[in-house]
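Notes follow the structure.
The values are calculated or read from the model by the stated rules, or taken from the named source; none is laboratory data. Everything quoted here is computed from the prediction, not taken from an experiment. No Cβ is skipped: glycine too gets one built from the backbone with ideal geometry, and neighbour counts run over all protein chains shown. Surface areas here come from the heavy atoms of the whole protein model, side chains and all, with no ligands, DNA or RNA. Shrake-Rupley method; radii C 1.70, N 1.55, O 1.52, S 1.80 Å.
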There are 2 protein chains.
Amino acid sequence: MPPAYPDRVNVSAPASAQELLDSLAGEVPRERVVTDPDVLESYSHDEAEWAPYALPLALVRAESAREVQAVVRACRARAIPVVARGAGTGLSGGANAVDGCVVVSLEAMTAIKTIDTLERLAVVEPGVVNDHLRAACAEQGLWYPPDPASSPWSTIGGNVATNAGGLCCVKYGVTRDYVLGLEVVTGTGELVQLGRRTAKGVAGYDLAGLMVGSEGTLGIVTEVTVKLRPLQAPQRTVAGYFDSIVDAGRAVRAVAEAGLTPSALELVDRTCLEAVDAWKNMGLSADADVLVLGRIDTPGTVGDDEAACMIRCFDGAGATWAAASTDEAEADALFAARRLAYPALERLGPVLTEDVCVPKRHVPEMLSRIEQIGRAHDTVIADIAHAGDGNLHPLLITPHDDEPARERAQAAFHDIISAALELGGTVTGEHGVGLLKMPGLRRELSPEVLAMHAAVKSALDPDHILNPGKMF
Amino acid sequence: MPPAYPDRVNVSAPASAQELLDSLAGEVPRERVVTDPDVLESYSHDEAEWAPYALPLALVRAESAREVQAVVRACRARAIPVVARGAGTGLSGGANAVDGCVVVSLEAMTAIKTIDTLERLAVVEPGVVNDHLRAACAEQGLWYPPDPASSPWSTIGGNVATNAGGLCCVKYGVTRDYVLGLEVVTGTGELVQLGRRTAKGVAGYDLAGLMVGSEGTLGIVTEVTVKLRPLQAPQRTVAGYFDSIVDAGRAVRAVAEAGLTPSALELVDRTCLEAVDAWKNMGLSADADVLVLGRIDTPGTVGDDEAACMIRCFDGAGATWAAASTDEAEADALFAARRLAYPALERLGPVLTEDVCVPKRHVPEMLSRIEQIGRAHDTVIADIAHAGDGNLHPLLITPHDDEPARERAQAAFHDIISAALELGGTVTGEHGVGLLKMPGLRRELSPEVLAMHAAVKSALDPDHILNPGKMF
């Protein structure tokens, strides 16, 4: 069960609030320090619909690192919590406002400062939208791989805070694999440069890496230096239709057993396909109960052979149909449907999002257990998955305003985490801990490791003002 | 200048020493707790010849994580420092014994516990030699890429402690990029599991990543889980001969400008070639003043085109000769010579090893400055480099027992660091800070970032017993 956080508590500003706002007046233009309750409400939570949140004291729309630093220093002096946020597309409640906090929005810091083709790196402000960076890099013949499904909306700063994954991670890794350096405002209000701009470097602890995925609890990122790759080679798309989710899982495992390295390997089930059809009329659910989408970007005949091998893997696992797409537009439409699955499901009712990741060999077993758990708790569970990584996103859907259904879904959520841990998995593959996965984290990590977390947190944020009460 | 450490101080064991040894008797078999001075001397330093060291109180040859834990706990109770070491091939003094410490050698922990072809990971004890792991993986069709030049001798645990790089890093990354999980004994004597075995995971801070490159100052690694890749495709080797080191540097930059991604790009100068010739009679120095060795592992005609492009880059930068090798044995011999350069130079006299890394565009300028610095300080400086990464290893060579020459070399060492920092580089690309780069680290990192290091160190090793006095 999520922790007993106050749900939508409307905090009346304490005496120090006005004093804080006054003190910020010299640092941040007044029009970017927002106290309008309607605006505050819209900045008080991310997309984790089930996670609790409170109304902030104020929202600061920061436009520079110095402004962020001023906010942290002013808040630290008054023991006021600071919650940083990007686009608010998170799915674990990591950016949800806590009682009496100041929310710092980085979304206005959208400068792409440098794209360096020779060093293959980019330097960007945290509010740059993921797809915008990718497009800007592509113009220079370069590629920023991490591509969470939220890439049209989510920001690089938010991606760094959660160590975001995505579709191409199965071959190209996650956000941390691309972060070379960070500029960060620490819990003590220092503005520091971490990491490097050189290809290699071991000068001191990897504090930049430590910040990645720390969900705003150790520092607020004000600039990001990322590694880039050459543009990706053209991809072949292989689609497989399956009658059962477990067969689809066996196809995913077979791809790993065959030693293939797909550039994407996604799974979308009937519930998702129907939701996308209902929204976008794509006619997907007529063909398949479960769709598995693979991509191969190995050049030349080696890549052709790998695509053929993937089709054999799908067929061997019981696909009702499997083929390489000969039509690029059709292939792109299938992946667009994959990306639309989450917003399409959100239209149906409150969605409780899972994010477990299990060893690849256990993907069929985990999918089978999710089915059983859904039945046991009478809960509709849709499955989308970065299946090639073993990263599954069972989505628990309940009708609006149905408290018993909500309780059943929470029980199912708990059981899915239990199953993932039993199979050697983790409670969060890429969404982060936030609030939703805090109980799971306590089950996954030993008390000694949690104590190490607490010690590191206290070391870098001694007054516990950065996003307190999150993660652990 | 290196810090004023006691040089070869022979510490007589304080009263608590015998008591410590007695307390360990129940935990570690007596024959693996060594106090023989000759043995202690051989375990009191790594290969950084110029770094200071002291004689340890005792050496423990650990054979299990529990034994390491017992040593740390016993030492912590008595405020006795613990210095962990693998094969002792480090080049910065990170494994050098400090006054009154216990050295824990992990070299007997050589089990390769798991090689999992489906999940593409291996679980190993820290004493496994890098090349042994690579060979064991190859038998299963898998590849552990990080390949420091010390790979025939250095251990995975030592590689993790220093975040070791190597020749293939230019395309495939460094040790940190391959560490999924670690078992670690912390400064408080806890035995903890950090990281994961799944392909992805964001459950908590990246404490496994933080341990990588922390040089035994935050924990002692007792088990390593590494990611593996499929076996590398066959490589083409391109060799270029140059009359000047700056031309060779321009060839390296041209490769980056052309957008190539070589699987290795190494530079070896005449001093190195002559030293290898003098040792192994390879006849290399007859042909070239500076040798640049590139490799391309892109399959098929795309790779052929890339190799041809690399030759054009070499020619355009002024190569006196450049060609793709048609003879695999010859190509391997050239890379073997590259790997032998360091031990060959060590035969000539004490070597002070540099490890700066600069942005790729500044490789020619940095090589030029190194030449000037050598002349200014009348010091022989040999150059070997992971040039494609901008990671240069100028090697400062002095005659035996020539104190003025040694002082000149130290001044040159200082100036090389200054030049690298001026060009936006780092004081250590892959060897680690140890003792030799502590002054440089203080120049590279801001006081605020050094304070963050100190805070993290105190958080995870509150009594400062793990490898104290190293790094920062």
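Residue B:193 passes every criterion in (1) open to solvent by 20 Å² or more (accessible area, probe 1.4 Å); (2) under 15 Å from residue B:430 (Cβ atoms) apart from (2). Selection of helices (runs of 4 or more DSSP H) fully inside region B:395-472 by the criterion of at least 3 residues being touching a Pro at 6+ places or on another chain (Cβ under 8 Å) and not hydroxyl-bearing (Ser, Thr, Tyr) returns B:403-422. Can you confirm whether residue A:254 is in a helix (DSSP H, G or I) and either open to solvent by less than 30 Å² (accessible area, probe 1.4 Å) or free of Cβ contacts under 8 Å to residues at least 60 places away in the same chain (or both)? Yes, satisfied. Annotation: of all residues in region A:442-472 being within 23 Å of residue A:102 (Cβ to Cβ) and acidic (Asp, Glu), the one that is farthest from the other protein chains (Cβ to nearest Cβ) is A:463. Scanning region A:114-148 for residues that are touching a strand residue (DSSP E or B) at 6+ places or on another chain (Cβ under 9 Å), open to solvent by 30 Å² or more (accessible area, probe 1.4 Å) and among the aliphatic types (A, V, I, L, M) turns up just one, A:115.
Scanning region A:70-85 for residues that are open to solvent by 10 Å² or more (accessible area, probe 1.4 Å) and closer than 18 Å to residue A:214 by Cβ yields A:76, A:81, A:84, A:85. Checking each residue in region B:69-128 for being closer than 21 Å to residue B:181 by Cα, in contact with a Leu (Cβ under 9 Å, 6 or more places away or on another chain), hydroxyl-bearing (Ser, Thr, Tyr) and not in a strand (DSSP E or B) picks out only B:117. Conditions first: (1) over 21 Å from the mean Cα position of the chain (by Cα); (2) open to solvent by 10 Å² or more (accessible area, probe 1.4 Å). Residue A:227 passes all but one, so which condition is the exception? Of (1) over 21 Å from the mean Cα position of the chain (by Cα); (2) open to solvent by 10 Å² or more (accessible area, probe 1.4 Å), only one is false for residue A:227: (1). In region A:399-429, the qualifying residues are those that are closer than 17 Å to residue A:346 by Cα and touching a Ser or Thr at 6+ places or on another chain (Cβ under 7 Å), and the one that is most open to solvent (accessible area, probe 1.4 Å) is A:406. For the condition under 30 Å from residue B:192 (Cα atoms) and open to solvent by 20 Å² or more (accessible area, probe 1.4 Å), residue B:454 qualifies. Only a single item in (1) touching a residue at least 24 places away in the same chain (Cβ under 8 Å); (2) in contact with a strand residue (DSSP E or B) (Cβ under 6 Å, 6 or more places away or on another chain) is not met by residue B:94, and it is number (2). Of all residues in region B:275-323, those satisfying the criterion of being in a helix (DSSP H, G or I), of a type in the set (Gly, Ala, Ser) and over 17 Å from residue B:338 (Cβ atoms) are B:300, B:303, B:307, B:308, B:316.
Of all residues in region A:347-373, those satisfying the criterion of being within 12 Å of another protein chain (Cβ to nearest Cβ) and open to solvent by less than 30 Å² (accessible area, probe 1.4 Å) are A:355, A:356, A:357, A:358, A:359, A:363, A:366.
Scanning region A:421-439 for residues that are in contact with a strand residue (DSSP E or B) (Cβ under 9 Å, 6 or more places away or on another chain) and within 10 Å of another protein chain (Cβ to nearest Cβ) turns up A:425, A:426, A:427, A:428, A:429, A:430, A:431.
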